[in-house]
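Just below is one structure, and these are the notes that go with it.
Just so it is clear, none of the values below were taken in a lab; they were calculated from the coordinates. Note that the coordinates shown come from a computational prediction; the quantities given were computed from them, not determined experimentally. Every residue, glycine among them, receives a Cβ derived from its backbone with ideal geometry; neighbour counts consider all protein chains shown.
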Amino acid sequence: MPVRIRWIALGAIGIPAIVIIVTVVLMSGNDAPSVITLPPPSTADGEFVPLTPFQARVLGFDVLDEVNLPQDNPFSEAKVALGRLLFFDPRLSANSAVSCASCHQPGQGWTDGLPLSFGYAGSVHWRNTPTIINSAFHPKLDWDGKALRLDIQAQGAMKGAVAMNMDPVMVEERLRQIPEYVKRFDDVFGPGGPWFDDASRAIAIFQSTILSSNVPFDRFMEGDESALSESEKRGFKLFTTTAGCSACHRGRLFTDEDFHGLGVPTPEQFSTNAIRQITFNYQLRSRGVSEEVYRTATDDP
């Protein structure tokens, strides 16, 4: 079911500047291919020739579609409101001090702005916090892609030992002690709750409304060539030609939805913090890696 935008994120997008010269081959049945070769970043006399919105669409760039939600978790205004309350409520963590918003802060682009996440009390995380803007469009979530739906990702965050460290039964019990929550869950999901799975569904629906909207690049793609500055147009031209960025960063979300470790050094905070190393090794062991890997791993696989 399509979702209307509730949260407006990213008032402006800075267009990165980089990518390979791209040749797009258009095939029509068995006909010989017609080849569209984009011009280099500048003409022979030095005059800059920007990409047009049409050329950008040929390369696969476009504005976002509406969010398609799972059939078993339809959209409603009441569910968004419930999910918003849960997202900002620290009582969903074991020590009642960590909420989803502790790491995904609206004022920090829905991240925490840190090189590595602080993690649950007594531990420290070895990965940083990804933004949740437009996360409803991604088929794989978390840095390892293990969560395939927003509600499953929310459950993992609540239960994760280095995130919120909460037991699902305790989540339900705490929510049942709060009359406002009981009423809202009854209104949205029917009587009998609150249930842990329903809490994660409500959080997912709220999260699906955190979308980029009316950003300059979208307006450019819709035909407003004045939406990007000359500097941004030059950056986009480089991004899609010489610099090679769009080899991976392409499409509506500027991603190929794959995982790459290219030129990313190990953060100093990872290698010098003993608690972070202990937490990392514990997580590896709990996920069933071999003892050899568990004892010798120094880099996040």
With 0.36 nm assigned to each residue of separation and the Cα-Cα distance removed, LEU85 to ALA161 gains 25.1 nm
Karplus ³J(HN,Hα) for region 199-214 (6.51 cos²θ - 1.76 cosθ + 1.60, θ = phi - 60°; Hz, whole; x = Gly/Pro) runs 4, 5, 5, 5, 4, 4, 5, 4, 5, 6, 8, 8, 10, 6, 8, 6
Output ordering of 231-239, 177-185, 161-169 (per-residue mean of other Cβ within 10 Å, highest first) is 231-239, 161-169, 177-185
Plugging the Cβ-Cβ distance of ARG252 and ARG176 into 1/(1 + (r/R0)^6) at R0 = 51 Å yields, to the nearest 0.05, a FRET efficiency of 0.80
The rounded separation in angstrom of the Cα centers of region 161-236 and region 56-112 is 2
Taking R0 as 22 Å and r as the Cβ-Cβ distance between GLN105 and SER213, the FRET efficiency 1/(1 + (r/R0)^6), rounded to the nearest 0.05, comes to 0.70
Counted neighbours (other Cβ, 10 Å), sorted fewest up, put ASP72, ASP112 in the order ASP72, ASP112
As straight-line cross-link partners of LYS79, the qualifying lysines (C-alpha separation under 28 Å, not fewer than 8 residues apart within one chain) are LYS140, LYS146, LYS159, LYS183
Magnitude of the Cβ-charge dipole (Lys and Arg +1, Asp and Glu -1) of region 77-207 about the Cα centre, nearest 20 debye, reported as 180
Relative contact order as a percentage, region 77-207, C-alpha pairs under 8 Å and 6+ apart, gives 30
Placing each pseudo-label 7 Å from Cα in the direction of the beta carbon, LEU114 and ILE152 end up separated by a distance in nanometres of 2.8
